[in-house]
Amino acid sequence: MSIPNAVLSASLLVVGSLVLSATDTRAEMPDPDNSAPLAPDYVYRMFAGKSADWGGGSGAYWAPDGRFVAVNQAEGSIGAGRWYATNRGRMCYEADWAWRQDFGVERSRVKTCTRFRVDRKGTMWSTTGGLNGPWFPYSTAPLSPGDQVSSTHSALAAEMGLVASTE
């Protein structure tokens, strides 16, 4: 079973929706010798108990206890799983995604990790790629306190005939 582009796109929206600007030039990338990964407790505090609005009625919620839920209303997909911060400055989530296809519901498990670094000027950077990037300036401004996602997730799960699982 192949993972549809909609699910892969939804799982990568974390970075896309939170990026200040999206230029892919070497001059915009952090110098690894002059930047450092964020501490795991800092990464945890950035996301714990917050929601991200991905636009179009889509978004994600990172619960303080490690639960993760997401919806992509434009594509009609939902995700639920676990999230965590690593000692290498990454935030990862592993989610089971479900979406309607033909006359049924398809599912796939997707793991997405975003790396975070801060340079000597205090600029925060993120990438879902390796240390070679591409890196993008990062802002926590689109994150808001509270869970603005789980009720929509539950409603979409019910429409698909699924029991909403937020683990």
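No lab work stands behind these numbers, since they all come straight from the coordinates. Values in this document were obtained by computation on a predicted structure and should not be read as measured data. Cβ coordinates were reconstructed from backbone atoms using ideal geometry, including for glycine residues, and neighbour counts include every protein chain displayed.
Taking the average, over residues, of other Cβ atoms within 10 Å as the packing measure, peptides 98-104, 42-48 rank 42-48, 98-104 from highest down.
Each residue of the stretch 96-104 was assigned a 3J(HN,Hα) from its phi angle through the Karplus curve 6.51 cos²θ - 1.76 cosθ + 1.60 (θ = phi - 60°); the sequence is 8, 9, 9, 7, 6, 8, 6, 10, x Hz, with glycine and proline shown as x. Per-residue 3J(HN,Hα) values for the stretch 54-62, derived from phi via the Karplus relation 6.51 cos²θ - 1.76 cosθ + 1.60 with θ = phi - 60°, read 8, x, x, x, 10, x, 9, 9, 10 Hz in sequence order (x marks Gly and Pro). Would you please give the FRET efficiency between GLN73 and ASN132, computed as 1/(1 + (r/R0)^6) with r the Cβ-Cβ distance and R0 = 30 Å, to the nearest 0.05? With a Förster radius of 30 Å, E is 0.35. Extension gain for the segment ALA158 to SER139, taken as residue separation times 0.36 nm less the Cα-Cα distance, is 3.5 nm to one decimal. Computed FRET efficiency, Cβ-Cβ of VAL105 and TYR42, R0 41 Å: what is it to the nearest 0.05? Result of the calculation: an efficiency of 0.65.
Each peptide in 121-133, 76-88 gets a packing score, the mean of other Cβ atoms within 10 Å over its residues, and the list from highest to lowest is 76-88, 121-133. ASP147 sits among other residues whose Cβ lies under 10 Å from its own Cβ, and their net charge, with Lys and Arg +1 and Asp and Glu -1, is +2.
Centroid-to-centroid, using Cα positions, the stretch 89-116 and the stretch 134-151 are 17 Å apart.
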